[in-house]
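Heads up: the structure comes next, in structure tokens.
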Amino acid sequence: MTVAISGKNMTIGEIVRVAKHEEEVAILQEAKEQMLKSHTLMGKAVEDGKRVYGINTGFGKFADTPISYDDLARLQENLVRSHAAGVGPLFSQEEVRAAMLLRANALARGMSGIRVEVVETIVDMLNKGVTPCVPERGSVGASGDLAPLAHIALVIIGEGHAFYQGDVMPGKEALDKAGIRPCKLEAKEGLALTNGVQMTNGVLSLVVDQGRVLAKAADIIASLTGQVLQVIVDAYDDGILNLRPQDGAREVGSNLRTLLKGSGLSTVSGQVRVQDSYVLRCIPQVHGAVRQGLNHVANIVEIESGSATDNPLVLEDGRILSGGNFHGQPLAVASDYLGICLCSLGNISERRIARMMDSVKSGLPPFLTKEGGLNSGLMLIQYTAASLVSENKVLAHPSSVDTVPTSADQEDHVSMSTIAARKARDIAGNVSYVLAAEYLSACQGVEFLAKERLSPAGRAAYGVLRQEIPSLEEDRPLNPDLEAARRLIVSGKLEEAVLQESGELF
């Protein structure tokens, strides 16, 4: 399959297919025609001697400094070089590929005044596996993700460094090996390549994708935990959830009813106890709120994917106007919101783990081990989860409320959007380990019950883990178990195994 670059909105699925699965990309002819039109309009403005920001002026505080016609190309190269000031560890290749795709699509909107050849170079890099090395830190998400996008642009012009066929090498060498000619930038093109928050949006789109996987896995794992703890299914009745018709809660309630169907371990009110604690009773409300947050952020990401975000923009009527579409505040707020939502998924999971460890609450051996005292069992699993959810609470402090003026106060309000997206990503990573800890704990709890009384979906979830991780008979290092359980979750293998038994889930 080929993903089209059209300048229109892209789906999270399309972004993921290119970023993670390396599907090919192609520019639609209508997008090429629109780019050519805006390039012609911009060229005419330059020839007419109009002063236009970033084309024949300096940048930021230098906006009123005129640049001679003979220096226009040099201006663009200097911009790319000077702005490549990122530091720290590198973004993953998947994140950079997502940013490249989104930047190409934004330019293909045909409002940036650049040549088709520039976008074709980005497409060639995506299709041939040349991925720039981009440091994570250094963007304030104001005039876009200037530093990260400049590191991408460096490779486009044959400089910087890039990954190619598993190795890191100079950008020019990577392009040569892939058979791609570096771009010689013309007026406006360096600015167009670096103005916008596609690095933020690339990271955030992948977090949304991972969050959706985690949300389904959380329902599956919680249903398994529920059976270990003899959950009261009354709380998931549609009659209750329809009286507070939040879409997320109703979806999760439907999932739980499907996942628990046929269970001989779940109960009804009064059979064992009258009510469950909140971490079981309120799963639809908590997990459901996370799902609604994911849907909201996905909508923002997809709108952003088809937006023209650099500055100035070449309008269809020929006007070239400066504005603020590059500002990252919409994505900064969305990233902070998503991080907070995902924290809830980890918080409630950790409390379910703690409940299974406590023999008074669970009715199972302490820490789910047969010879307590001699063996500590899964005691430290809950410590790990507690550490991760505590770290998440620090990471959830919003970045979008902060601003540090830059460019001698020309850019006097910034969004910190890339920081917010990175924190959301790190929260999602921590949550994946917390869910892995709950998954291990629930499967170990099953060892003390009649496995045949699990629901068909529960048996599938239990079985796919036991294919890779044996039950805990005596103490052993738990890190390999956690890593293996996490891989089953984030790869989608857990979900796939359960779907074969239960049918479709929301």
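Hey, which of the helices (runs of 4 or more DSSP H) in the stretch 315-410, taking only ones fully inside, have at least 3 residues that are open to solvent by 60 Å² or more (accessible area, probe 1.4 Å) and of a type outside the set (A, V, I, L, M)?
Where helices (runs of 4 or more DSSP H) fall fully within the stretch 315-410 and carry at least 3 residues being open to solvent by 60 Å² or more (accessible area, probe 1.4 Å) and of a type outside the set (A, V, I, L, M), they are 329-357, 379-395.
What are the pairs, 6+ residues apart or on separate chains, where a residue within the stretch 13-33 that is in contact (Cβ under 8 Å) with a residue 24 or more places away in the chain has its Cβ under 9 Å from a residue that is in a strand (DSSP E or B) and open to solvent by 60 Å² or more (accessible area, probe 1.4 Å)?
From the stretch 13-33, the pairs are VAL18/GLU24; GLU24/THR2; VAL25/THR2; ALA26/THR2.
Regarding ALA436, is this residue farther than 24 Å from ASN479 by Cα, within 23 Å of the chain's Cα centre (by Cα) and open to solvent by less than 20 Å² (accessible area, probe 1.4 Å)?
So ALA436 fails the test.
Identify the single condition in (1) within 21 Å of TYR53 (Cβ to Cβ); (2) surrounded by 18 or more Cβ atoms within 10 Å (Cβ to Cβ) that ARG97 does not satisfy, given that it satisfies every other one.
Single failed check for ARG97: (1).
Can you tell me which residue in the stretch 1-56 is modelled with the lowest pLDDT, limited to those that are open to solvent by 30 Å² or more (accessible area, probe 1.4 Å) and among the small types (Gly, Ala, Ser)?
GLY49
Which pairs do you get when a residue that is without any contact (Cβ under 8 Å) to a residue 60 or more places away in the chain, found in the stretch 86-112, comes within reach of a residue that is outside any helix (DSSP H, G or I) and among the basic types (Lys, Arg), reach meaning Cβ atoms under 9 angstrom, with the pair 6+ apart or on two chains?
VAL87/ARG137; GLY88/ARG137; PRO89/ARG137
In the stretch 40-59, is there at least one residue being in a helix (DSSP H, G or I) and closer than 30 Å to SER400 by Cα?
Checked against the condition, which is being in a helix (DSSP H, G or I) and closer than 30 Å to SER400 by Cα, the stretch 40-59 yields no hits at all.
Scan the stretch 339-377 for residues that are closer than 23 Å to GLY288 by Cα and either without any contact (Cβ under 8 Å) to a residue 40 or more places away in the chain or more than 32 Å from the chain's Cα centre (by Cα) (or both) and report the count.
1
Residues GLN246, GLN230: which one is open to solvent by 60 Å² or more (accessible area, probe 1.4 Å) and touching a Ser or Thr at 6+ places or on another chain (Cβ under 6 Å)?
It is GLN230.
How many residues are more than 26 Å from GLN230 (Cα to Cα) and small (Gly, Ala, Ser) when one looks only at the stretch 308-362?
10
Given the condition in contact with a Gly (Cβ under 6 Å, 6 or more places away or on another chain), under 21 Å from GLY492 (Cα atoms) and surrounded by 24 or more Cβ atoms within 10 Å (Cβ to Cβ), answer yes or no: does some residue in the stretch 214-226 qualify?
Taking every residue of the stretch 214-226 in turn, at least one turns out to be in contact with a Gly (Cβ under 6 Å, 6 or more places away or on another chain), under 21 Å from GLY492 (Cα atoms) and surrounded by 24 or more Cβ atoms within 10 Å (Cβ to Cβ).
Suppose we filter the stretch 249-284 for residues that are within 13 Å of VAL233 (Cβ to Cβ), open to solvent by 50 Å² or more (accessible area, probe 1.4 Å) and touching a helix residue (DSSP H, G or I) at 6+ places or on another chain (Cβ under 8 Å); how many remain?
Counting residues in the stretch 249-284 that are within 13 Å of VAL233 (Cβ to Cβ), open to solvent by 50 Å² or more (accessible area, probe 1.4 Å) and touching a helix residue (DSSP H, G or I) at 6+ places or on another chain (Cβ under 8 Å) gives 7.
Among the residues of the stretch 482-496, which ones are touching a residue at least 12 places away in the same chain (Cβ under 8 Å) and open to solvent by 70 Å² or more (accessible area, probe 1.4 Å)?
Once the filter is applied, which keeps residues that are touching a residue at least 12 places away in the same chain (Cβ under 8 Å) and open to solvent by 70 Å² or more (accessible area, probe 1.4 Å), the stretch 482-496 yields only LYS493.
The values are calculated or read from the model by the stated rules, or taken from the named source; none is laboratory data. The shown structure was predicted, so the numbers you read here are calculated from the model rather than taken from an experiment. Counting neighbours? That spans all protein chains shown, and the Cβs are built from the backbone with ideal geometry, glycine included. Ligands, DNA and RNA are stripped out before the accessible areas are found, and what is left, the full protein with its side chains, is counted by its heavy atoms. Shrake-Rupley method; radii C 1.70, N 1.55, O 1.52, S 1.80 Å.
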